[in-house]
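Remarks on the structure that follows.
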Amino acid sequence: CNYIAYSQEVNHRKNNSEHPFFFSPKSHDPNFLKSAAFPDKSFYQQKSEWKHIIDTTWGEGASLEEKLEIFNLFAIDVYDNFCNFNTLKLNYDSLYVHYFNMINDSTSKGAFASIMARFAAYLKDAHATALDLTVLGTEQNPGVPDFYPGLPYLFTGTYCPTEHSGIVTTVLPDSTTLVLRAVPNHPLHLEPGDIILGYEGVPWKNLVRELIDSGIPWCATLTGGCKSADTYQYLSGAGLNWHLFNTIDILKYAGNDTVHLSLEPMVTLNLPQTPSNEQMPVKNIPFPNAGYTTPATAVTYGIMENTNIGYIFLATEESYADQQFFEAVDSLKNTDALIIDMRWNGDGNATFENAFNVLFNEYQKTLATVYRCDYTTFDLCQYGSGTQYQINGKNPDYYDRPIAVLLGPSCWGMGEIIAHRLKYHPMVRFFGASSNGSLGGGLSIDNFQNWSLYYPYLDMYYTNDPGNYLNLKEFPIDYPVWFNKDDVAKGIDPIVEKARQWINNLTYGHSLVLNPPFFFSENDTIKATATIENPNKHDVSAMLIVENQEGELVDSIMMTPLIGDKNNIWQAERIIKDVDKNLYWISLRVNDQTDSS
């Protein structure tokens, strides 16, 4: 491309090891109607005036020289350092020329904010942002042309969408929006189970594309890396953009009627910051505040009512989360099962070594990080020693009960890294939907006041599968399930219920005991007992697997039920012969032959 002067100049770049700078957009002014009338025509209804409204709302803005400086510095840094060119297969030169040619002397402040946001959105990563904070920090009063196709993530001091809308929503497979929670006495009387179809008679999925193409400034934060998350995030802001319209179309759960409601009552909504997480409440376990109040809590936990199932909400990997997650896991290590809810989980830098030492009792290499090691090519090289994400599990703790991990498209960054590391635990299964697909860290450009410029420069891979990079990939979910209006209207979280069903019906072994734990003679006898849970009385077999420290199979020993025992105890014995003096792992494998699991 003739326009880019490629460079290795890096002194303006800043490695942000925790997360991008997410800002705090302002909600609407609840006293708006005291000084102004609700518009006769919404922004959406004034299509012929869209450019004029956008241009005049914030004025001319910076000079052409400054606009090109901002655009080019971001574009060059992305070209030099962006890690996903090979995976994304992006024609970057053409993209650059397209948006460069849109910038001229007459490009207004609002129009330039839109150009930068759209340019960054093509990077398809939650770490990619190019935001004019003065534009997107404007109060979202009726008619103000700013647009939120996805939900800004909740971090310290950042915006909670419930302030503006009074509801927490999620996206259904048909692209409509389901109300999960609503504040009491909602101005539009919205309730859990209601569905937002769109505005002014137009489906929301059509409005999203129409508004982006309009040139409206928009907040491209938390765009999706993988395809499912990207689609989801573009649709997830339905309740957040009512200020662009005059009427909203709702399918009421009660009565199954479609109603078209005036949005004027929404202006009086006046709420404090509250969680906007796409999760249903669990009795006696509050949601984490993740920094929107002090003191910050990244983790909340407890035991589910009438069960011995531990439940953990894990909202972020910020540094203060490290001790909190360890305390949760350590407190719940004697439960019959764990549910770790990461459906609303952001970035950070905590690797949870102490918590993983409770969950695991063995060493595992897991993930390694790569970066652009030569700005003249798209080749990637290993970043760091590769030991940051290894699991150093230690005795005596080991959690050998079922662990259900709940994921969704609003889990990204370090949250996804934690999920990928949990895959190495043999008792873990994943429920919900794919996480975001944005694992790597990012670099920020701090040259320009009131701008948040940030882009991804790291990718990751499993150490046993080099070259198969994880950014932009769907996370493999064992039990795909999402919300539905019938369960939500009844206060039931279907993802949690699916996890509980799996826990309550799983055939598995635990509490493996060797007697004695050390053997000194070839003729010593290994005696082992274990408990085999078989809640549905299926046909079951159990085997001990003996491996050396390199993971090579040394022996296998069948187990049999202890005759006359009513506590599900199984046993095995084996005289040691032809085994070298060494340290070995003995694992228990239980096969449910009825359902082939």
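The values are calculated or read from the model by the stated rules, or taken from the named source; none is laboratory data. From a predicted model like this one, the values you see are computed outputs, not experimental measurements. Virtual Cβ from ideal backbone geometry, glycine too; neighbours counted across all protein chains shown. For the accessible areas, the whole protein counts, side chains as well, though only heavy atoms, and no ligand, DNA or RNA atoms are used. Shrake-Rupley method; radii C 1.70, N 1.55, O 1.52, S 1.80 Å.
Below is a table of values for the structure above.
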item: Using θ = phi - 60° and Karplus 6.51 cos²θ - 1.76 cosθ + 1.60, couplings along the range 522-534 (whole Hz; Gly, Pro as x); result: 4, 9, 4, 10, 6, 10, 10, 10, 7, 9, 10, 7, 9
item: Rounded to whole Hz, the Karplus (6.51, -1.76, 1.60) HN-Hα couplings of the range 399-416, x for glycine and proline; result: 8, 10, 10, x, 10, 9, 10, 9, 10, x, x, 9, 9, 8, x, 4, x, 5
item: Under 19 Å from residue 394, Cα to Cα: aspartates and glutamates that are on another chain or at least 8 residues apart; result: 322, 327, 330, 353, 362, 547, 550
item: Translational D in µm²/s for the range 304-412 (Stokes-Einstein at 10 °C, 1.306 mPa s, Kirkwood Rh from C-alpha pairs); result: 102
item: Heavy-atom accessible area order for 43, 519, largest first, 1.4 Å probe; result: 519, 43
item: Listed residue pairs exceeding 25 Å between alpha carbons, taken from 205/227; 423/577; 527/566; 47/109; result: 423/577
item: Charge-dipole axis of the chain as Lys and Arg at +1 and Asp and Glu at -1 on Cβ define it, positive-most pick from 177, 211, 131; result: 177
item: Angle in degrees between helix 109-121 and the longest Cα principal axis of the chain, rounded to the nearest 10; result: 30
item: Relative packing of peptides 107-118, 419-430 - highest average C-beta neighbours within 10 Å first; result: 107-118, 419-430
item: Cα gyration tensor category, rounded, prolate or oblate, for the range 92-147 with a/c compared to 1.5; result: oblate
item: Inter-centroid distance (Cα atoms) of the range 173-221 relative to the range 62-119, Å; result: 29
item: Spread of Cα-to-Cα distances over 10 Å intervals beginning at zero, given as percent, for the range 277-325; result: 27, 52, 20, 2
item: Stokes-Einstein D (µm²/s) once Rh is taken as the Kirkwood radius of the range 408-503 over alpha-carbon pairs, at 10 °C in 1.306 mPa s; result: 101
item: Estimated vicinal HN-Hα couplings, Hz - the range 477-485 in sequence order (Karplus 6.51, -1.76, 1.60; Gly, Pro = x); result: 9, 6, 10, x, 6, 9, 5, 9, 5
item: 276, 106, 511, 214, ranked by accessible area, largest first (probe 1.4 Å); result: 106, 511, 214, 276
item: Long-range amide H partners of residue 138 with built H, under 5 Å; result: 26
item: Under 5 Å, built H, 5+ apart or other chain: amide partners of residue 341; result: 312, 313, 314, 406
item: Debye-sum result for the chain in log10 I(q)/I(0), which assumes one identical scatterer on each alpha carbon, at q = 0.05, 0.06, 0.11 Å⁻¹; result: -0.26, -0.36, -1.05
item: nm² value of the averaged projected area, convex hull over the Cα atoms of the range 531-577; result: 4.4
item: Estimated translational D of the range 45-191 in µm²/s (Stokes, Kirkwood radius over Cα pairs; 10 °C; 1.306 mPa s); result: 89
item: For the range 193-346, accessible area per residue (1.4 Å probe, heavy atoms of protein chains only), Å²; result: 34
item: For the range 205-339, the Rg and Dmax computed from alpha carbons only, in angstrom; result: 19.7, 56
item: Rg over Rh, two decimals, the range 455-597 (C-alpha only, Kirkwood Rh); result: 1.11
item: On Cα atoms only, tilt of 321-331 relative to the major axis of the chain in degrees; result: 40
item: Carbon plus sulfur fraction of accessible area for the chain, probe 1.4 Å, in percent; result: 48
item: Cα centroid separation, the range 462-478 to the range 402-452 (Å); result: 12
